[in-house]
Each structure stands twice: as structure tokens, then as C-alpha cells.
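To keep things clear, I will list the structure first and then write my remarks on it.
The values are calculated or read from the model by the stated rules, or taken from the named source; none is laboratory data. Being a predicted model, the structure only gives us computed values, none of them experimental. Cβ atoms come from the backbone with ideal geometry, glycine included; neighbour counts cover every protein chain shown.
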Amino acid sequence: MNGIKFAEPIFLYLLIIIPVMIAFYIIKQQNVTASVRMPGLEPFSGTGITFRHYLRHILFALRAAAIALLIIVLARPQKTDNLQNISTEGIDIVLTQDISGSMLARDFKPDRLSAAKNIATEFISGRPYDRIGLVVFSGESFTQCPITTDHAVLINLLREVQSGMIEDGTAIGMGLATAVNRIKDSKSKSKVIILLTDGVNNRGEIAPVTAADIAKTFGIRVYTIGVGTQGMAPYPVQTPYGIQYQDMPVEIDEVILQEIAQKTGGKYFRATDNDRLTAVYKEIDKLEKSKIDVRQYTRKQEKYLAPALLAFILLILEITARNTIFKNLT
């Protein structure tokens with residue numbers, strides 16, 4: 001719903017008449033005095049300026065207000081109601097994020113985990129009609145945020161994700177299984193998991209392929225993303241002098257990630273830097289776009305009656321007062 005708008009706003013320029021009227025009225029009042037020669041003032045000794053004399057300015061105020069209201073009537077004030085019917089083919093999505101220690105590698109800016117969080121936030125913001133949840137994993141996995149339409153809460157919980165929240169390792173199968181468990185009972189027409197990792201499955205009781213088979217059973221499509229540059233990357237290493245970065249080979253189990261995507265009807269992507277990861281999310285966004293049918297109705301209501309009626313009342317009051325209470329002063 002919008003506020004009051006004017007169908008003929010050009011007439012509002014006529015309101016400049018009001019300050020002009022006020023200026024002329026003030027000048028006129030300054031020039032109404034006149035000198036009269038009298039032999040003496042004794043006949044007027046009992047007279048003086050009464051309170052009614054000051055109240056006569058109300059007449060001008062009533063007329064000016066009435067003219068201003070009539071100008072507004074000419075501009076045709078209208079109230080506009082916009083009604084929208086939005087029908088969506090809902091998509092439920094679970095972002096499954098690797099938060100292992102290797103996600104702090106500096107081949108992305110500022111590091112893999114921060115880059116993944118920032119780009120995922122943009123992805124979430126661009127899908128206002130979808131329900132989205134968040135699962136994180138390293139040596140274990142858990143649900144950071146259930147599937148929700150409250151994207152502000154989801155984004156805040158995503159920002160709180162840090163490496164070291166749970167035992168280190170890379171339990172890809174456990175992360176995928178947790179995500180499947182969160183989305184399997186969804187009534188949505190489309191169920192999607194986006195699994196992002198930078199390593200090789202080395203922990204967990206569920207194999208990645210087994211988790212993929214379960215996802216396929218529930219009709220869940222899985223897009224897998226391997227993050228990491230080609231060759232060597234600076235990884236954080238704990239030393240007696242604290243965390244230091246050493247170049248180490250990038251190892252991503254692309255065969256397993258490709259198999260997971262193929263089994264479930266998804267697609268595998270390799271992101272080697274921030275720009276490529278952004279492009280990956282944009283491609284997934286296009287592949288899984290919600291169908292939105294928007295029907296908009298605009299209803300306009302004329303609102304000139306109230307100011308017209310008020311202007312009429314003010315003019316009647318002005319004419320009546322001029323010919324009764326202030327008859328001898330005008």
C-alpha cells in the first residue's frame with residue numbers, strides 16, 4: 001500500500017498564491033490607518049481597540065485555507081493500493097560447509113572459509129523465496145541452522161561459523177548425511193544440497209557414496225564444490241612458535257565429489273579462487289531458480305471529497321462571520 005499521490009500534481013504549483021496573498025494582506029493592514037481632523041477627542045474617550053478587532057484576521061485565515069484546499073482538490077489526491085499475488089515453486093536448500101582446519105588456507109582471500117561464507121551470504125540474499133538451512137562438518141557434523149525462510153537469522157549463524165568449532169578432520173559422508181536428514185521430509189517440489197569441501201574424506205562412520213545413495217532415494221539433488229587452487233597452497237600449520245603457513249599440495253577427492261553429483265542428478269564444480277567460487281554459486285543459482293508468478297493489481301481511490309468538503313465549510317464560516325460578528329469591522 002502506498003500513500004497519497006496526486007493525479008494532476010501540476011496544480012500544486014498554484015499554492016504559491018497563498019504566500020502572495022499573505023504578503024498583500026500584511027501590506028494592506030499597514031496602510032488602513034487614516035488621519036481625521038476633530039476639534040477634540042472627548043467623544044471617543046470611552047472607546048478603544050477590542051479583542052474582536054484582533055480576531056478579524058481569522059476571516060483571512062479561513063479564506064486562505066479554503067483556497068489552499070481547493071487547489072489540492074484540483075490536483076486530485078488519490079490513494080493507491082498495490083495488491084500482489086505471488087505463487088512460487090518452492091526450493092529447499094541445505095548449504096553443507098566444510099570447516100576443517102585446511103579451510104583456513106590462504107589460496108583464497110582472505111582464506112577459503114571466509115571466502116565461502118561471504119559468497120554463500122550473497123547466494124542466500126539473492127533467493128528470498130526459498131527455504132535454506134546450514135550444516136557444517138569437519139571431523140563430525142551438525143546442523144548450524146535448520147531450513148528456514150528467515151534469511152537474516154541464517155546469515156547471522158553463517159557468520160558465526162569458525163574453523164575449530166568441532167573436532168578437526170574431513171567427514172564428507174557425515175556432512176552429507178546430516179544434510180539429507182534435514183531436508184528429506186521436506187514437502188518442497190525441489191530439494192537441493194550444496195556441499196562444499198577442500199579435502200578428502202578421512203573421518204566419519206558413513207561413506208560419501210552411501211550418503212549419496214540415501215540422497216538419491218529421497219529425490220535430493222546434490223551440487224558438490226571442491227575449493228582449492230591447482231598445485232600448492234599456503235596451509236596453516238601449528239608450530240612451537242604458533243600458527244605459521246607452509247606451502248602444501250592441494251588434495252581434493254574430485255572423483256568422489258563427481259560421483260556424488262552424478263548419482264543425485266547434480267553437478268560437480270571446481271573453484272580455484274574467489275572469482276571462480278562466485279561464478280559457481282551464480283551457475284547453481286541459475287540452475288535452481290524458483291518459478292515466481294507475480295500478479296499485480298492497482299486500485300486507486302479518489303480522495304478529493306474530504307478537502308473539498310472542508311474548503312466549503314471554511315468558506316461558509318468566513319462568509320457567515322464576515323456578515324455577522326465582524327460586520328462592522330470589514
Can you spot a residue in the stretch 228-249 that is assigned by TED's automatic domain parsing to the domain that holds Ile99, hydroxyl-bearing (Ser, Thr, Tyr), within 28 Å of Asn274 (Cβ to Cβ) and not in a strand (DSSP E or B)? yes
The stretch 255-270, residues that are within 19 Å of Met103 (Cβ to Cβ) and either in a strand (DSSP E or B) or touching a Lys or Arg at 6+ places or on another chain (Cβ under 7 Å) (or both): Tyr268, Phe269, Arg270
In the stretch 126-146, how many are among the hydrophobic types (A, V, I, L, M, F, W, C) and either under 26 Å from the mean Cα position of the chain (by Cα) or not assigned by TED's automatic domain parsing to the domain that holds Ile243 (or both)? 4
Quick check on the stretch 111-125: of everything there that is of a type in the set (S, T, N, Q) and closer than 14 Å to Val161 by Cα, which residue is farthest from the chain's Cα centre (by Cα)? Ser114
Does Ile220 satisfy the condition of being farther than 15 Å from Ile99 by Cβ and surrounded by fewer than 20 Cβ atoms within 10 Å (Cβ to Cβ)? no
Taking the stretch 47-80 as the search range and keeping residues that are in a loop (DSSP other than H, G, I, E, B) and modelled with pLDDT of 85 or more, which one is surrounded by the most Cβ atoms within 10 Å (Cβ to Cβ)? Ala75
Being assigned to a loop (DSSP other than H, G, I, E, B), touching a strand residue (DSSP E or B) at 6+ places or on another chain (Cβ under 7 Å) and of a type in the set (S, T, N, Q) is the filter here; which residues of the stretch 159-178 pass it? Thr170
Would you say Val192 is more than 25 Å from Pro249 (Cβ to Cβ) and part of a strand (DSSP E or B)? yes
Asn118 meets each of (1) within 24 Å of Tyr245 (Cβ to Cβ); (2) touching a residue at least 12 places away in the same chain (Cβ under 8 Å) with one exception, condition (2)
